[in-house]
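S.K.: Here you go, one structure.
The values are calculated or read from the model by the stated rules, or taken from the named source; none is laboratory data. Source: prediction; values computed, not measured. Note that each Cβ is placed from the backbone with ideal geometry, even for glycine, and that neighbours are counted across all protein chains shown. Remember, those area values only see protein heavy atoms, side chains included, never the ligands or the DNA or RNA. Shrake-Rupley method; radii C 1.70, N 1.55, O 1.52, S 1.80 Å.
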Amino acid sequence: MHRTGRSLPASMLLSIRDRRMQKANAAAPERTGTTGTLVASYNVHKCIGIDRRFDPERTSRVIREIDPDVIALQEADNRFGDRDGLLDLSRLEHETGLVPVPIAANGKGHGWHGNVLLFKKGVVRDVHQIRLPGLEPRGAVVAEIDLDGNRTLRVIAAHLGLLRRSRSQQARVVLDIMNSADETPTLLLGDLNEWRLGNRSALNTLHVTFGPLPPAVPTFPSNMPLLALDRIMANRHGMISAVEAHDTPLSRVASDHLPLTAFVRL
């Protein structure tokens, strides 16, 4: 029988092996010699840690640890009711310089279906809120940021669904966003909820524009990462480097996902 992808048990075994090899490194990863714009994706799990404590300040401390130039957050709003935003964004801006990409009024929430995109420097030229298909309410934020007057970066911040069929549909919508005549450097950041490889994977659909994909980095669950659910992808080969999980004592407990980071060179 032809196998199109690695099985879940095999992926778990490889992740456990890699985890053991890196276990001695308990501090934040060192990036000596790596340059560029630091980007990150972080599913904050509604600021509820693996200890089941709701602690938005702890979540903010993880973001301060990363100190990114651009970061996409998922699950930063309550899912039901008024969908209140859960972080103190004003304090976060004061402490890190990160400001949220503005979106249309959405009640008391920070973002669009829990997706929040924050950046330090530049001017937002264009923003779109995309409703993704599927049984669950999912969305994506698409922003074009003029970083320094002559470099524009498009960022798609997304959180795909738990159902395989929904993820495939949502991946096709993401590709539709890219079907334009321009060749703007573009990043896809987010929790794609996809561990499968091969023809049944939403990653196979995204490969058309965002391939070849960077190595999978396990980020879930945060206390023993086995699955590479979170991704940072680019539409240009060599645009991103040093894709790593931000694995620290604090990040292991603050959410059920570890943040994922990478450097971007335009």
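S.K.: Is there any pair with a first residue in region 168-183 that is closer than 10 Å to residue 206 by Cβ and modelled with pLDDT of 80 or more and a second that is open to solvent by 70 Å² or more (accessible area, probe 1.4 Å) and assigned to a helix (DSSP H, G or I) whose Cβ atoms are under 8 Å apart and which are 6 or more apart or on different chains, and what are they?
M.R.: Within 8 Å, the pairs are 175/208.
S.K.: Moving to a separate point now. So, in region 249-265, how many residues would count as being outside any strand (DSSP E or B), at pLDDT 95 or above and within 16 Å of residue 70 (Cα to Cα)? Walk me through it before giving the result.
M.R.: Let us first name the residues in region 249-265 that are outside any strand (DSSP E or B), namely 249-259, 265.
If we keep only those that are at pLDDT 95 or above as well, we get 249-259.
Still in the running and within 16 Å of residue 70 (Cα to Cα): 259.
Within region 249-265, residues that are outside any strand (DSSP E or B), at pLDDT 95 or above and within 16 Å of residue 70 (Cα to Cα) number 1.
S.K.: Has region 238-248 got at least one residue that is crowded, with 24+ Cβ neighbours inside 10 Å, part of a loop (DSSP other than H, G, I, E, B) and at pLDDT 95 or above?
M.R.: Checking region 238-248: not a single residue is crowded, with 24+ Cβ neighbours inside 10 Å, part of a loop (DSSP other than H, G, I, E, B) and at pLDDT 95 or above.
S.K.: Quick check, is residue 136 outside any loop (DSSP other than H, G, I, E, B) and surrounded by fewer than 21 Cβ atoms within 10 Å (Cβ to Cβ)?
M.R.: Details: outside any loop (DSSP other than H, G, I, E, B): no; surrounded by fewer than 21 Cβ atoms within 10 Å (Cβ to Cβ): yes.
Judged against the criteria, residue 136 is not a match.
S.K.: Further question on the same structure: For region 145-165, which positions are crowded, with 18+ Cβ neighbours inside 10 Å, modelled with pLDDT of 90 or more and not aliphatic (A, V, I, L, M)?
M.R.: Listed by number, the residues that qualify are 154, 159, 161.
S.K.: Of everything in region 209-243 that's polar (S, T, N, Q) and touching a strand residue (DSSP E or B) at 6+ places or on another chain (Cβ under 6 Å), which residue is farthest from residue 43 (Cα to Cα)? Outline the logic, then answer.
M.R.: First, pick out the residues of region 209-243 that are polar (S, T, N, Q): 209, 219, 222-223, 235, 241.
If we keep only those that are touching a strand residue (DSSP E or B) at 6+ places or on another chain (Cβ under 6 Å) too, we end up with 219, 235, 241.
Numbers: 219: 10, 235: 22, 241: 21 Å.
Ranking the candidates gives 235 first.
S.K.: Any idea which of 118, 73, 86 is modelled with pLDDT under 90 and buried (at least 21 other Cβ atoms within 10 Å of the Cβ)?
M.R.: The match here is 86.
S.K.: Moving on to the next point. Tell me which residues, restricted to region 121-133, are among the β-branched types (Val, Ile, Thr) and either surrounded by 19 or more Cβ atoms within 10 Å (Cβ to Cβ) or touching a residue at least 24 places away in the same chain (Cβ under 8 Å) (or both).
M.R.: Here is the first cut: in region 121-133, the ones among the β-branched types (Val, Ile, Thr) are 123-124, 127, 130.
Selection gives 127, 130.
S.K.: For residues that are crowded, with 19+ Cβ neighbours inside 10 Å and among the polar types (S, T, N, Q), tally how many sit in region 173-204.
M.R.: Final tally of qualifying residues: 4.
S.K.: If you go through region 205-228, how many residues are open to solvent by 30 Å² or more (accessible area, probe 1.4 Å) and part of a helix (DSSP H, G or I)?
M.R.: Residues meeting the conditions: 4.
S.K.: Now, a different point. Condition first: within 16 Å of the chain's Cα centre (by Cα), of a type in the set (Phe, Trp, Tyr) and at pLDDT below 95. Can you find one or more residues in region 207-214 that meet it?
M.R.: yes
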